[in-house]
Amino acid sequence: MIPPTFEYVAPKTLSEAVAALGGYENAKVLAGGQSLIPLMRFRLASPAVLVDINRVEGLSYINEDKGWLKIGSMTRQSTVDHSALVREKYPLLADTVSVLSDPIVRNRGTVGGNIANGDPGNDYPATMLAYGAEVVAMGPKGERVIPITSFFIGLYESALASNEILTEVRIPTPKPHSGGAYLKLERKVGDFATAAVAAQVELDAKGKFKSVGLGLTNVGLTAIKATAAEDFLKGKDSSDDNIRQAGQLAADASEPIADVRGSEEYKRSLVKTYTVRALRIAVERAKGS
Amino acid sequence: MAEIHGLGSSRKRVEDARFIRGQGNYIDDFKLPGMLHLDIVRSPYAHAKIKKIHTEKALATPGVLAVIDGPTLQKYNVHNMPTLMSDTQMVLPLDTVKYQYQEVAGVLATDRYTAADGVAAVEVDYEPLPVVVDPFKALLPGAQKVRDDKDSNHIWHWEWGDKEKTDKDFENAEVTVKENIYIPRIHVSSIETCGCVAKWDATNGHLTLWMTTQAPHAIRTVVALITGHLGLSEEKIRVISPDIGGGFGGKVPAYPGYVIAVAASIVTGAPVKWIEDRTDNLAADSFGRDYHITAELAGKKDGTLTALRFKTIADHGYTDAAANPSKFPAGLFHICTGSYDFKNAFIEVDGVYTNKPPGGIAYRCSFRVTEAVHAIERMADVYALKIGMDPAEFRMKNFIKPEAFPYTSALGWEYDSGNYPAALRKAMDMIGYEDLRKEQKEKLARGEFMGIGISSFTEIVGAGPSKHFDILGLKMFDSCEIRVHPTGKAIARFGTKSQGQGHETTYAQIIAEELGIPADHIKVEEGDTDTAPYGLGTYASRSTPVAGAAAAIASRKIREKAKKIAAHLLEANEDDLEWERGRFFVKGSPDQGKTIQEIAFAAYTNHPQGMEGGLEAVNYYDPPNLTYPFGSYICVVDIDRGTGQVKIRRFVAVDDCGVRINPMIVEGQIHGGLTMGFAPAMMEEISYDVDGNVHGTNFMDYLLPTAVETPKWELGETVTPSPHHPIGAKGVGESATVGAPAAIVNAVVDALSHLGVTTIDIPMTPRKVWELMHKHGATLEE
Amino acid sequence: MSTHHIQVTINGKVHEADVESRLLLVHLFRENLNMTGTHIGCDTTSCGACTVILDGKPVKSCTVFAVQADGSEIRTVEGLAQDGKLSAIQEGFHEKHGLQCGFCTPGMMMTTSALLEQNPHPTEDEIRHAISGNLCRCTGYMNIVKAVQYAADKMAEKVEV
């Protein structure tokens, strides 16, 4: 399993990296490499040039700033996993990163990589959809902010241009009485999800749903935002009945493909079950917060 | 004086010293000057004609030296090789490929990166042909033939037992049960893949073959037979099996890569290394299982079993390359009457060709014993369920009684010893069986699905007595040669080959027990055919029963000679001497004695006149019988009605492997074996679609459990020595792999039986369990 | 095809090499530097036999290019023993029979080394999670867990007999 040859550059600044991406034909960003390098070892990807952005300064951070949790795109998954701030205030993200691949891969894998790949099996996209996150991209014409709802376009296709680099993801800092959870069926550690659900909720003073974010992993060509389920819950109380109905709506919104992990029917059922369970946990955490 | 560390000592392992320092010598660690690398072009089609192999681009790649194809090998008549079942296997095809990922051409290059580039640069034109993947369809008249050199896809029919009496019992039975059980293909996936370094010494006409092999002598003989016409003869072939990173049966067969590497070395005169990728390994190497069993039991209403009837279709891939004793194409499958006293039994197995890789017994299974045990232990539960009897009670009722040993089964095996009720009772006590049954009732009333499954297995290992056993004609004795040095230390060499079982540690313990030489003073070697005595290698848990016995017998031969020397030294009569471990002494005068060390020294400096000097012995042990380890496993599961996930809450394993040489190592073998029973039960599977495309060629698709999924095994033991084995030991390497799956399946079925479920095939993936519950309207979407 | 000059510090010793950009870090050890203690077991970054410590964190060296490690500090199994004295981890694997064929062992021990640096008193479940990126086919993980616990105790100067 030997990769094909390629040219390699390791710029030290973001602008150099962007220039390199645009300056070569068939150039690709090398971030964590935990998705790209295996593809190259199978010769399923043969970029002519790899632009290694691991030496670009200033892309690794986790900060709360002006109502947002800002995470640099080159922040390693393990840093997120071990962040007390994330565990305390962003339980949906903490849940997600803890089931992402395996703990060693997480030492190299980056936050940006898990979003920019466009792989429906990646765990971050659904979570970012549930959070209503934004991503920041840097291109030759400068920086732009892309709402996550516009980011995932198709299978391995994102709104990122081929000469843009994802630099940051921003999650709105949850308001009080918020909670979240991520539930994933993996057949073993390291497996992609048979299905997974990300739930982020905010309750009002009466305990009714003020806002709900629901993202679905690996039950479509991209991560799916279960909008109908989210809208249904707004203003309603967190009764089991309401949660179950939301679960059904989320299942209806999913577009699973039958494969070795399961039939369409099974995956839809998982979406429903996990939506219900994740909402229950999110609500409990919201009430506790 | 150093500790003896004889039988029963949990002696720490000698081999650890190099492994924990990263100084193991695995095949890929070998580098020889001028060494070339071999990589392999593989077929994307399960069945296709090769129209043309375009080698220009590959040969134009700097560093690529050659592209070797079937016709090239045909010039030397090594394009085909015999399998261990005397069928024919292609090394490289002349014109047709028979399974996806089959070897099509070898690329020889200066380094592994270039070899990979060469493989990527080879282009092959194929003409796809119709594919046969369903063994039942393959047996229908007019079915597409897999093999051009055969009349049909039916390889052989094998039957055993008394058909007439069995059929009669079934006719007259009060109760009969029948289930179809499919045990799918799985793959050993040792963390080290297969490989070799072939070094042809043109000056002396010698071939040295370092190889991942569990049976170096057998390989040497086979290589000699298939290359004899090229001038290679057996004394000029040296096979060295260095450190092996796990075998489990997968490193028994001879794979095409080895032969191509040897041919390449002979042609170029340079050493050639071939190392598999994981994809090569999973896609093309010998698999285990793939048995379709129609299993029936007959008996009385009160739960007494009378007869057994199994019919099996064995999917062998495109050639029969299973490593079974030649008389038994279905291995030791006729152990399937298990731990129960059947009056009559009849079994049939039909081998079938399909467009898949060849193999069948590589997966820690003792020659089809896992399949046999899975079937009988599942059917015991099926029967018990049908008559509404507790499965533990059912087993106790039907066990072969302890007084009945040695016991001859309805299928002709003479079980050496066993106490099945004691093992089951112990397991039941350890797990708190009666309380669990109470809990299960309570949980079910609340709609929670909990299951308890038992597997009371009898294993059969130690192949095997020469009157019944041979592989390719080679008898399955095994050997030990011991040489004691003047200073009382020793070296012992064996015909077996450890791949992690700790032979360097445990064989020394056997000899230490017999001779009283501290185990630390006994160097153990295996794996070099130039120095080790001939043996058939390590697989099917045969090392302790056969080579371990040879160690004891060889030690006793040494002791016999030592006694003569002692008599000479003590100026006493041999008959007046007694032995206590480590010394001979004069009866009645215990302080008048000679230690084994003193005797050893005398063997070189002061031996009796007329006696040969030195102190050594060799034994080629032909076992009088196989040995029959056994055990009872109990598994408790809880099923998630929403997702279909099965959680193993507890798993108790009581094993009886007779005398335990090293309890620490025995437990390690059981932990590993249980895990290799659990994994196929829950998640491992190699599968094919209708076009013969294989699924499960990498570790994202072929699932091996991590420390998170693997249960925390609870072990117990009983000890029922083997009456015929010199030290009463039976062997244990595979018992847990053999016994565990049925316990887990029985637990899951037990959890769902109230729905009317009677069977489920492995692997019991979440989707499969969910679909089964869903079929019965029992899933919960919360 | 470009080659790159890299400098890596492995087990405290500086090594220089001229490498193709596609050279995997694990091959830098095994092929260029003749350090064969780190093993290769799969194609999909699943098995962890190739685990080494790169700038303080365990990584799967089959999924890092050697050029990426230019200037880095790496620890491999060959560096666990200090001045010929076995580390507590190596001792633990030996004392508790935490290895059988030994092939996954270097990776397991490097992961263990990083775990105990970060969490000197891990629970059994924490250990199992930490090694869930390392596959073993021989041991069923039971004694590996015991080996790690032994090492933790030893490093905290409480030796379990």
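Data table
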read-out: Residues satisfying the stated conditions in region B:135-148, i.e. within 23 Å of B:Thr88 (Cβ to Cβ) and either surrounded by fewer than 15 Cβ atoms within 10 Å (Cβ to Cβ) or not aliphatic (A, V, I, L, M) (or both); value: B:Pro135, B:Gln144, B:Lys145, B:Arg147, B:Asp148
read-out: Residue selected from region B:18-38 under the condition aliphatic (A, V, I, L, M) and more than 8 Å from chain C (Cβ to nearest Cβ), by the criterion surrounded by the most Cβ atoms within 10 Å (Cβ to Cβ); value: B:Leu38
read-out: Scan of region A:86-120 for residues that are touching a strand residue (DSSP E or B) at 6+ places or on another chain (Cβ under 9 Å), more than 15 Å from A:Val189 (Cβ to Cβ) and not in a helix (DSSP H, G or I), ordered by number; value: A:Tyr90, A:Arg108, A:Thr110, A:Asn117, A:Gly118, A:Pro120
read-out: Enumeration of residues in region B:551-562 that are surrounded by fewer than 18 Cβ atoms within 10 Å (Cβ to Cβ) and touching a helix residue (DSSP H, G or I) at 6+ places or on another chain (Cβ under 7 Å); value: B:Arg556
read-out: Candidate set: region C:133-157, residues that are within 22 Å of B:Thr737 (Cβ to Cβ) and within 13 Å of chain A (Cβ to nearest Cβ); chosen: the one surrounded by the fewest Cβ atoms within 10 Å (Cβ to Cβ); value: C:Leu135
read-out: Extreme residue, farthest from C:Thr9 (Cα to Cα), among residues of region C:62-104 that are crowded, with 23+ Cβ neighbours inside 10 Å and without any contact (Cβ under 8 Å) to a residue 24 or more places away in the chain; value: C:Gly102
read-out: Failed condition for B:Val222, given (1) more than 14 Å from chain C (Cβ to nearest Cβ); (2) outside any helix (DSSP H, G or I); (3) closer than 24 Å to B:Phe477 by Cβ; value: (2)
read-out: Qualifying residue in region A:194-202 (condition: closer than 20 Å to A:Ser98 by Cα, within 12 Å of chain B (Cβ to nearest Cβ), part of a loop (DSSP other than H, G, I, E, B) and of a type in the set (A, V, I, L, M, F, W, C)); value: yes
read-out: Residues that are more than 27 Å from A:Gly72 (Cβ to Cβ) and either crowded, with 24+ Cβ neighbours inside 10 Å or within 12 Å of the chain's Cα centre (by Cα) (or both), drawn from region A:213-228; value: A:Val219, A:Ala226
read-out: Selection within region A:124-170 - surrounded by 13 or more Cβ atoms within 10 Å (Cβ to Cβ), assigned to a helix (DSSP H, G or I) and hydroxyl-bearing (Ser, Thr, Tyr); value: A:Tyr124, A:Thr127, A:Tyr131, A:Thr149
read-out: Qualifying residue in region A:64-84 (condition: in a loop (DSSP other than H, G, I, E, B), surrounded by fewer than 19 Cβ atoms within 10 Å (Cβ to Cβ), charged (D, E, K, R) and modelled with pLDDT of 95 or more); value: yes
read-out: Of the criteria (1) surrounded by 24 or more Cβ atoms within 10 Å (Cβ to Cβ); (2) under 28 Å from A:Thr217 (Cα atoms), which one A:Pro91 fails; value: (1)
read-out: Qualifying positions in region B:116-134 - buried (at least 19 other Cβ atoms within 10 Å of the Cβ), in a helix (DSSP H, G or I) and either out of contact with any Ser or Thr (no Cβ under 7 Å at 6 or more places or on another chain) or outside the structural domain of B:Asp69 (by TED's automatic domain parsing) (or both); value: B:Ala116, B:Val119
read-out: Test: B:Thr706 is part of a loop (DSSP other than H, G, I, E, B) and within 14 Å of chain C (Cβ to nearest Cβ); value: yes
read-out: Some residue of region C:92-112 being assigned by TED's automatic domain parsing to the domain that holds C:Thr36, of a type in the set (A, V, I, L, M) and touching a strand residue (DSSP E or B) at 6+ places or on another chain (Cβ under 6 Å); value: no
read-out: Those residues of region B:155-183 which are among the hydroxyl-bearing types (Ser, Thr, Tyr) and within 30 Å of the chain's Cα centre (by Cα), in sequence order; value: B:Tyr182
read-out: Selection count where residues are modelled with pLDDT of 95 or more, within 26 Å of B:Arg147 (Cβ to Cβ) and surrounded by fewer than 24 Cβ atoms within 10 Å (Cβ to Cβ), scope region B:324-350; value: 2
read-out: Residue list for region C:109-132, filter: in contact with a Pro (Cβ under 7 Å, 6 or more places away or on another chain) and facing another protein chain (nearest Cβ under 8 Å); value: C:Thr111, C:His129, C:Ala130, C:Ser132
read-out: Residue check for B:Leu674: outside any loop (DSSP other than H, G, I, E, B), at pLDDT 95 or above and facing chain C (nearest Cβ under 9 Å); value: yes
read-out: Enumerated strands (runs of 3 or more DSSP E) restricted to region B:434-529, each holding at least 3 residues that are in contact (Cβ under 8 Å) with a residue 24 or more places away in the chain and over 28 Å from the mean Cα position of the chain (by Cα); value: B:449-458
read-out: Some residue of region B:299-308 being within 27 Å of B:His468 (Cβ to Cβ), hydrophobic (A, V, I, L, M, F, W, C) and assigned by TED's automatic domain parsing to the domain that holds B:Thr83; value: no
read-out: A:Glu57 vs. criteria farther than 13 Å from A:Val169 by Cβ and assigned to a loop (DSSP other than H, G, I, E, B); value: yes
read-out: Residue count, region B:583-609 (criterion: surrounded by fewer than 19 Cβ atoms within 10 Å (Cβ to Cβ) and assigned to a loop (DSSP other than H, G, I, E, B)); value: 5
read-out: Positions within region B:678-700 being under 23 Å from the mean Cα position of the chain (by Cα) and facing chain C (nearest Cβ under 10 Å), in sequence order; value: B:Phe678, B:Ala679, B:Thr697, B:Asn698, B:Phe699
read-out: Members of region C:63-87 that are under 13 Å from C:Leu28 (Cα atoms), under 15 Å from the mean Cα position of the chain (by Cα) and facing another protein chain (nearest Cβ under 8 Å); value: C:Thr63, C:Val64, C:Thr76
read-out: Subset of region B:20-36 (residues that are of a type in the set (A, V, I, L, M, F, W, C) and without any contact (Cβ under 8 Å) to a residue 60 or more places away in the chain); value: B:Ile20
read-out: Subset tally (residues that are crowded, with 24+ Cβ neighbours inside 10 Å and either modelled with pLDDT under 95 or among the acidic types (Asp, Glu) (or both)) for region A:236-289; value: 0
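The values are calculated or read from the model by the stated rules, or taken from the named source; none is laboratory data. From a predicted model like this one, the values you see are computed outputs, not experimental measurements. Cβ: placed from backbone, ideal geometry, glycine included. Neighbour counts: every protein chain shown.
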